[in-house]
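The values are calculated or read from the model by the stated rules, or taken from the named source; none is laboratory data. The structure displayed is predicted, hence computed values, not measured ones. No Cβ is skipped: glycine too gets one built from the backbone with ideal geometry, and neighbour counts run over all protein chains shown. For the accessible areas, the whole protein counts, side chains as well, though only heavy atoms, and no ligand, DNA or RNA atoms are used. Shrake-Rupley method; radii C 1.70, N 1.55, O 1.52, S 1.80 Å.
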Amino acid sequence: MDSYILDAHNSIADYSRKEKLYEMGTTIAMVNISGSAAQVCNIGDSRVYLWRSGRLTQLSHDHNVKQSMIDSGIITAEDARKTNRGGELTQYLGIITEDD
């Protein structure tokens, strides 16, 4: 799964550099199921959930400013739900800057 993600990241980043489209990218959510095991991956704020026995459970972790603020204790999850701010991504596929 890692090689697919790295290939996608490099393709997007190469295109961004070529076209001078800095900070262009995408989010991704993947699940690789092999036998009875599942490997979950997400980058950005595309989420992966498990639906089991009528219950939905979030398995992935958002990569955005709001979640970083929650993780560091600056705001609570309840405070985060009350605002539309903080949705800027901290990670995504293809992330580059003009300095790259």
- Item | strands (runs of 3 or more DSSP E) completely within region 4-100 that count 3 or more residues being among the hydrophobic types (A, V, I, L, M, F, W, C) | 28-34, 37-43
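Yes/no per residue for (1) farther than 16 Å from Gln91 by Cα; (2) at pLDDT below 95:
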residue	(1), (2)
Ala8	no, yes
Tyr15	yes, yes
Lys20	yes, yes
Glu23	no, yes
Ala38	yes, yes
Tyr49	yes, no
Arg55	yes, no
- Residues (surrounded by 10 or more Cβ atoms within 10 Å (Cβ to Cβ) and hydrophobic (A, V, I, L, M, F, W, C)) located in region 46-69: Val48, Leu50, Leu59, Val65, Met69
- Task: Considering each of Ser72, Ser36, Ser11 in turn, give the residue that is more than 12 Å from the chain's Cα centre (by Cα), open to solvent by 90 Å² or more (accessible area, probe 1.4 Å) and of a type in the set (Gly, Ala, Ser).
- Result: Ser36
- Message: I'm trying to understand the selection: among the residues of region 49-100, which are touching a Leu at 6+ places or on another chain (Cβ under 9 Å), of a type in the set (A, V, I, L, M, F, W, C) and more than 24 Å from Leu21 (Cβ to Cβ)?
- Response: Leu50, Leu56, Leu59
